[in-house]
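Worksheet: one structure, shown below.
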Amino acid sequence: MNLSNSIALVTGGSSGIGLAIAQSLTAAGARVAITGRNKVKLDEAARSLGAFAIQADVAVEADVLRTFRELLDKFGDLDILVNNAGIGTFKPLVEMDTAGFERVFATNVTGVMIMGREAAKVFAARNRGNIVNICSTASLRGAAKGTAYYASKFAVRGMTECWRAELRKHNIRVILVNPSEVVTDFFATNGLSQKVNDSKLRGEEIAWAVKAALEMDDRGFIPELSVFATNPVD
């Protein structure tokens, strides 16, 4: 597709991978809306991008419905949804609490579903559209302490395959992107430490992959792609 003058909605667009994707799409000429829970960070990111800010939590259905109302009131249309918002908790199974587990699924799975559902309504009516689900290489294999986060990403991968089966007849491309470790504030936000060095992925690499996948001619699409650092040093 031609990204110039396209309309894109990026969840979790105020920092990290989401911000990098929003920057990349804006640079390509797209009109971009970003969502986030923190109004201060969201407004600052929107100003730097020239994007439209919508304060919302994807885990809250009323917020999602309002997001689409505000988006369509502003732009009148939508071409691209990037489901990027996500959280994590990392504990051994014997320490996993149901509240933490359900909180991760509310954002990473239910939130993705609600956003995808509302975008699919718009896209099916127009007989075109693009849904990009930012997932993780955590969707490809399990790991210790990954019960909540890894399981949520397996679920996103499964949902994405279901959506493809339903939506291709409406000319809707559904793309799954699996980043491996990326240097962002995700780790600190979720109480984890991260060693930072120049060999690890940045948000820019993921943004490049998303942009490249979208720019393929609409007659074809990339169902799934994974992005690894070439030679990461920890």
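Derivation of every value follows stated rules applied to the coordinates shown; laboratory data play no part. Computed from a predicted structure; not experimentally measured. Counting neighbours? That spans all protein chains shown, and the Cβs are built from the backbone with ideal geometry, glycine included.
Here are a few things to note about the model shown:
- Fully extended contour minus Cα-Cα distance, from residue 144 to residue 106, at 0.36 nm per residue: 11.5 nm
- Within-14-Å neighbourhood charge of residue 193 [Cβ basis; K, R +1; D, E -1]: 0
- One decimal place: the segment residue 117-residue 218 gains 34.3 nm when fully extended, by the rule 0.36 nm per residue minus the C-alpha distance.
- Segments 127-134, 202-209 sorted - mean Cβ within 10 Å per residue, highest first: 127-134, 202-209
- Under 26 Å from the Cα of residue 39 - lysines, other chains or at least 8 residues apart: 74
- When each of 137, 67 is scored by the number of other beta-carbon atoms lying within 10 Å, the sequence from fewest to most is 137, 67.
- Using the average count of surrounding beta-carbon atoms within 10 Å as a protection proxy, the listed peptides 23-31, 188-196 rank, highest first, as 23-31, 188-196.
- Computed from label points 7 Å out along Cα-Cβ, the spacing between residue 189 and residue 204 is 2.1 nm.
- Computed from Cα atoms, the angle from the helix 203-215 axis to the main principal axis of the chain rounds to 40 degrees.
- Folded to 0 to 90 degrees: helix 61-75 orientation relative to the chain principal axis, Cα: 40 degrees
- Phi to ³J(HN,Hα) by Karplus 6.51 cos²θ - 1.76 cosθ + 1.60 over region 52-58, Hz, x for Gly, Pro: 9, 9, 10, 6, 6, 10, 5
- Formal net charge of residues neighbouring residue 29 (Cβ-Cβ distance under 13 Å; K, R +1; D, E -1): 0
- Anchor residue 200: lysines whose Cα lies under 28 Å away (excluding residues fewer than 8 positions away in-chain): 41, 91, 145, 153, 211
- Angle in degrees between helix 112-126 and the longest Cα principal axis of the chain, rounded to the nearest 10: 20 degrees
- Charge sum, other residues only, whose C-beta stays under 13 Å from residue 55's C-beta, Lys/Arg counted +1 and Asp/Glu -1: -1
- FRET efficiency, residue 94 to residue 230 (Cβ-Cβ, R0 25 Å, nearest 0.05): 0.10
- The simple spin-label model puts a point 7 Å past each Cα toward its Cβ; for residue 47 and residue 66 those points are separated by 2.2 nm.
- Residues whose amide H comes within less than 5 Å of that of residue 32, counting only those at least five positions distant or on another chain, are 8, 52 (H built at 1.01 Å from N in the peptide plane).
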